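Presented below is the structure to which this report refers.
The values are calculated or read from the model by the stated rules, or taken from the named source; none is laboratory data. Being a predicted model, the structure only gives us computed values, none of them experimental. Reconstructed Cβ throughout: ideal geometry from the backbone, glycine too, with neighbour counts over all protein chains shown. When the accessible area is computed, the model is the full protein with side chains, heavy atoms only, and any ligands, DNA or RNA have been set aside. Shrake-Rupley method; radii C 1.70, N 1.55, O 1.52, S 1.80 Å.
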Amino acid sequence: MSYRSRRSRSRSRSRSRDRDRRRDRDDWGRGGWGSGGGGGGGGGGGRPSLKGRQPGERLRKPRWDLTKLAPFEKNFYQPTPTVLNRPNYEVEKYRTDKEITLRGRNIPNPIQYFSDYNFPDYVMAEIRRQQYEQPTPIQAQGWPISLQGRDFVGIAQTGSGKTLGYILPAIVHINHQPYLERGDGPIALILAPTRELAQQILTVAQDYGSSSKIRSTCVFGGAPKGPQIRDLERGVEIAIATPGRLIDFLEAGKTNLRRTTYLVLDEADRMLDMGFEPQIRKIVDQIRPDRQTLMWSATWPKEVRNLAEDFLKDYIQLNVGSLSLAANHNILQIVDVCQEVEKDTKLRQLLEEIMAEKESKIIVFAETKRKVDDLTRRMRREGCASSPFLVLCRLRQLLNEMSHERANKTIIFIETKRKVEDVTRGLRSSGWPAMCIHGDKSQQERDWVLSEFRSGRAPILVATDVAARGLDVDDVKFVINYDYPSCSEDYVHRIGRTGRSDKTGTAYTFFTADNCKQAKDLIDVLKEANQVVNPRLYEIMDMARGGGGKGRSRWRGRDDDRRGGFGGRDRDRDRGRMGGSSSSGARNGYSNGNGYAY
């Protein structure tokens, strides 16, 4: 090879390395420290090196002088006589019935009904459109605290209305602030751990903010930066962001937080689990210290408590539900102790049972015998005889629509991306309408898969923990934990994808001897929710105390393992024990073959 040829090739390699380095600088944070992609990485490409680098290292903490900062208003709460004059015993009864626990001083009474408070017309219009009858407990007690401008921590299970719990006060807060000027950043900043959660928050913000012309945008990794930058430069009152992408934009000078006076940390425990604490601290340093801060979490570990002590002042702690780790009591939890090699067979067996329940039976009452015969004759003539649906109003049209109702939506959680792909491939090859998402999927593909799942065209979603939080689909009937998560907090969040908005749901869990360290936590969660505990969980818990992991062979060849299935017993009595009604979750039993229906 000639000297000129070698030199040309050397220059080409050098240019290529320079391009790679520039790309790493542009995309830093998308797959490592600061993705905001959530649940396993954001951009879908290779991870740049983070050696010697820190998130937000180019950001400097401003020296805040409160005497020079423009004052702002944050207390807008004017309780009505109905709220003020409500007897103390009635207030305490409401809090007891709703399992509301409070800590702090000067705590206002809850807003039990929408008529209890004079919400602005631009808020009530959307509430009426959404057909909300009354606030959820977290909203009822949280709104008056937030509207007072107080800092507070809200702890509640998933699906309890937390998003509207901080969006509604944010909209009221923004409408009392001066208009944005050119170059101003957002007034309200909401930090979320995953892009899916951020996008769902954006939907709520747009629904409730559009009537008062409040602009919102969503900033997250794994998506093109251009449209997000344009939104920020044009000016938005609400920015919903994952920490990594926001750090990128702050360092690049694409936005600032000088006007931010309302800060929300949503799913704070999840953000800490994902290692976002350095980014969160860098971001909060850029916000004026007299801001209002709201922290929302499903659990209350020591790390979250420390964060609250650092960021919040004279705050009120609001807890709805058990103070310990607890699952939604509307969810029937069923645990099958099995071996790893049995999972695929058990999964298909379970899906066959779930998907067989997609039909519903409805009775139509007609006033006369002649009308009954006439309706029956017309429906049979028009091909409705095989439909299980009978609907009174606009009968034939609705029958046609309802006959295309999709199967029960089911989410299958698996620990690793590779296993997600393998299980999805196996289900699809067997004819199951399954799709999957995980952290290596592009944002466009994840959005398309979730759209197919929401519409029911693909009623089976296989996912890593990227879908354990922030995935708000109201009609998910079943959750299957193919793999038990590494911590029981994630178990609670996973099964919280069903049983949302006071509906019922069912969660199945495959539990192996390898999960023995989590057996005690799972037993505690089941007991707290008044669920039947599989006796073999106690055996696994004892095995963990005795050294764990060495007793795997003791389950091999057990007759009840070989017989273990999902049919044969009626679980209506379990629903009755839980205080719930027999619904889609109350069906033929799930038995491990040893006489227990779980």
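Between the beta carbons of Asn118 and Asp290, assuming R0 = 30 Å, the FRET efficiency works out to 0.65 to the nearest 0.05. Rolling a 1.4 Å probe across all protein chains gives Met543 an accessible area of roughly 20 Å². The residues neighbouring Phe152, those whose beta-carbon lies less than 11 Å from its own, together hold a net charge of +1 under the Lys/Arg +1, Asp/Glu -1 convention. When only alpha carbons are used to place a centre, segment 490-521 and segment 258-296 end up 29 Å from one another.
Ordered from highest to lowest accessible area with the whole protein assembly present and a 1.4 Å probe, Val533, Val264 read as Val533, Val264.
Counting only Cβ charges, +1 for Lys and Arg and -1 for Asp and Glu, the dipole size of segment 196-353 around its Cα centre is about 900 debye. Please tell me the relative contact order of segment 228-335 in percent, rounded to the nearest whole number, where contacts are Cα pairs under 8 Å and at least six residues apart. Reported relative contact order: 26 percent.
Taking 20 Å as the cut-off, the amide N atoms of segment 260-293 that come nearer than this to a point 7 Å along the Cα-to-beta-carbon line of Cys487 belong to 265-282. The order of Trp432, Trp296 by accessible area, most exposed first and with a 1.4 Å probe, is Trp432, Trp296.
Spin-label model, Thr376/Glu181: points 7 Å from Cα along the beta carbon direction are separated by 7.8 nm. Between Lys517 and Thr203, the FRET efficiency estimated from the beta carbon spacing at R0 = 25 angstrom works out to 0.10. Averaging the Cα positions of each part gives two centres, and for segment 141-211 and segment 408-436 these lie 35 Å apart. Largest first, the residues Tyr77, Tyr113 sort by 1.4 Å accessible area into Tyr113, Tyr77.
Along the charge dipole of segment 417-529, which of Thr504, Val492, Val525 sits closest to the positive end, that is, farthest toward it, with unit charges on the beta carbon of Lys, Arg, Asp and Glu (+1, +1, -1, -1)? Farthest towards the positive pole: Thr504.
Efficiency by 1/(1 + (r/R0)^6): what FRET value for Ser211 and Gln78, r their Cβ-Cβ distance, R0 = 25 Å, to the nearest 0.05? Efficiency, from the Cβ-Cβ distance: 0.75.
About the Cα centre of segment 247-295, how large is the charge dipole given +1 on each Lys and Arg Cβ and -1 on each Asp and Glu Cβ? Please answer in debye to the nearest 20.
360
Around the amide H of Ala507, modelled in the peptide plane, lie the amide H atoms of Leu332, Gln333, Ile334, Val479, all under 5 Å away and 5 or more residues distant in sequence or on another chain. For segment 174-219, the Cβ-based charge dipole about the Cα centre amounts to some 80 debye (Lys, Arg positive; Asp, Glu negative; other atoms uncharged). Residues of segment 431-445 with backbone nitrogen within less than 15 Å of a virtual label 7 Å along the Cα-to-Cβ line of Arg348, please, listed as ranges. Only 431-434 fall inside the zone, counting backbone N under 15 Å.
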